[in-house]
C-alpha cells in the first residue's frame, strides 16, 4: 500500500530536511510537498539558492489560509499522513505582523485540519507545535518540562502556536487522528540567520571570507537552551508518521534534556573558525526579559516513538558552519 504524505511548508528549513529523510527511507511512499510564496534560497530554505528544496518530489501550490484551496488539495492527494510545518516561525517577523501570524499559524491550521477531517478522515495529522508555547513557565521552574507543563506564551509566535496546539487537541476529541509535536530549539545546516546558531555561523563564514571585520557583536550569551540537530528532530517526525497504532491525541515533546549555554555554541564555532574573532557585547541585542533556562523532558517520545537524539553537538556546529561557508563562497562566485 502506498503511503501518501503531504508536507506543508516543505520548502522551509525543516521541511527540506524532512523531504530528504523520507526520500532516503525508500519504500512505497508518495511525497507531496506543499509550497507557497517562498522561492529556493529565501530565508529558512534548506539549501543554497541554486538547489532544489523539494528534493525532486511532487509539489503542490498550497496557501493554507485559503480554505477552499486546502480542501481541494486534500481531496486530490487523499493523504495517509499530513505533516503540518507551514508557519510564521521567526519571532521578529511574528512581532512585526501579529495579525498575519495568527492568520497563518492558527486559521491556516484550522483550514488544514478541518479539510483532513472532511476529505481524509483516516489520515494521521502531525501538527508541529513548539516549546515556545511553555513560555513563562520556563521562568518559574528549573526542571525539564514535560507535556503537562502550563502553556504560557510570551510572544505572538508562541501565542499563535499555543492557540493552534489547543485547537488540534480539541479536534482530536472530535475524531482528528492528531499527534502534537513540541520540538525544542533545533538548528543545523540550512537554517536562516533569524536564529542564533546560524546567525553566528554566517558571520564567522563572512569573516573568514574577508567580508566582515573579525568582530562579532552579541547579546545575552548566558541563556541556556535545549538545542537539537534538525536531523534528529526530523527523525522523530518520520517515526511519528510510521509508528503503528499511535493513538490519536498524542502530545510529544522533542527535546534533548541537555541545557546548552548560547555562549558555548559561539565558542564552539570560534574554535572551528579559520581566523581569530573578537567578541563585543551589544546592548541593543540584550533582551531584558530573556528566559534564562529552557529545557524539555522527552521521556514520552522515547517510549512512544523509540526516539532519542543521536547527532553530536560538535557535528551540528561543524555542519552548520560548513553550510554557511558554502553559501558565502557561492555568493562570491556570482
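For the chain, modelled as a GNM whose springs connect Cα atoms under 10 angstrom apart, the maximal fluctuation among 301, 164, 199 occurs at 199. Most tightly packed first, judged by the mean number of other beta-carbon atoms within 10 Å of their residues, the peptides 2-11, 274-283 read 2-11, 274-283. The alpha-carbon atoms of the chain, seen along their principal axes, cover 57, 49, 38 angstrom, with the largest extent given first. Calculated mean residue ellipticity, 222 nm, the chain: -12000 deg cm²/dmol, from DSSP H runs (n ≥ 4) at -39500 (n - 2.57) each, averaged per residue and rounded to 500. Length gained on full extension, residue 303 to residue 99: 69.6 nm, using 0.36 nm per residue less the C-alpha separation. On the beta carbon distance between residue 139 and residue 2, with R0 = 41 Å, the FRET formula returns roughly 0.30. Just to confirm the number: angle between the C-alpha axis of helix 108-119 and the first principal axis of the chain, 0 to 90 degrees, nearest 10? Value to nearest ten degrees: 30.
The protection proxy used here, the mean number of other Cβ atoms lying within 10 Å of each residue, ranks peptides 251-262, 216-227, 78-89, 140-151 as follows, highest first: 78-89, 251-262, 216-227, 140-151. Kirkwood hydrodynamic radius computed over segment 200-334 comes to 17.1 Å, based on all pairs of distinct alpha carbons.
Rg of the Cα atoms in segment 211-257, relative to 2.2 N^0.38 Å, amounts to 1.88.
For the pair residue 193 and residue 122, the difference between a 0.36 nm per residue extended length and the Cα-Cα distance amounts to 21.7 nm.
Against the chain, whose longest principal axis comes from its Cα atoms, helix 13-25 is set at around 60 degrees. For a Förster distance of 22 Å, can you work out the FRET efficiency between the beta-carbons of residue 150 and residue 290, rounded to the nearest 0.05? So, using R0 = 22 Å, E works out to roughly 0.70.
Short to long, the 10 Å bins of the Cα pair-distance histogram for segment 260-334 hold 13, 29, 34, 19, 5 percent of all pairs.
Over all distinct Cα-Cα pairs of segment 88-219, the Kirkwood formula returns a hydrodynamic radius of 16.9 Å. Return one number: the angle in degrees, 0 to 90 and rounded to the nearest 10, between the long axis of the Cα atoms of helix 67-77 and the longest principal axis of the Cα atoms of the chain. The two axes meet at around 80 degrees.
What separates the Cα centres of segment 274-334 and segment 165-198 is a distance of 18 Å. For segment 158-247, the convex hull drawn through the C-alpha positions has a volume of 129 cubic angstrom per residue. If a spin label sat at a point 7 angstrom from the Cα of residue 243 along the line to its beta carbon, the backbone N atoms of segment 177-202 nearer than 19 Å would be those of 177-185. Note on segment 51-135: Cα Rg divided by 2.2 N^0.38 Å, N the number of residues, gives 1.17.
The numbers here are math on the coordinates, done by the rules we state, and not lab data. Quantities reported herein were computed from a predicted structural model and do not represent experimental measurements. When we count neighbours, we look across all protein chains shown, and the Cβ atoms used for this are built from the backbone with ideal geometry, even at glycine.
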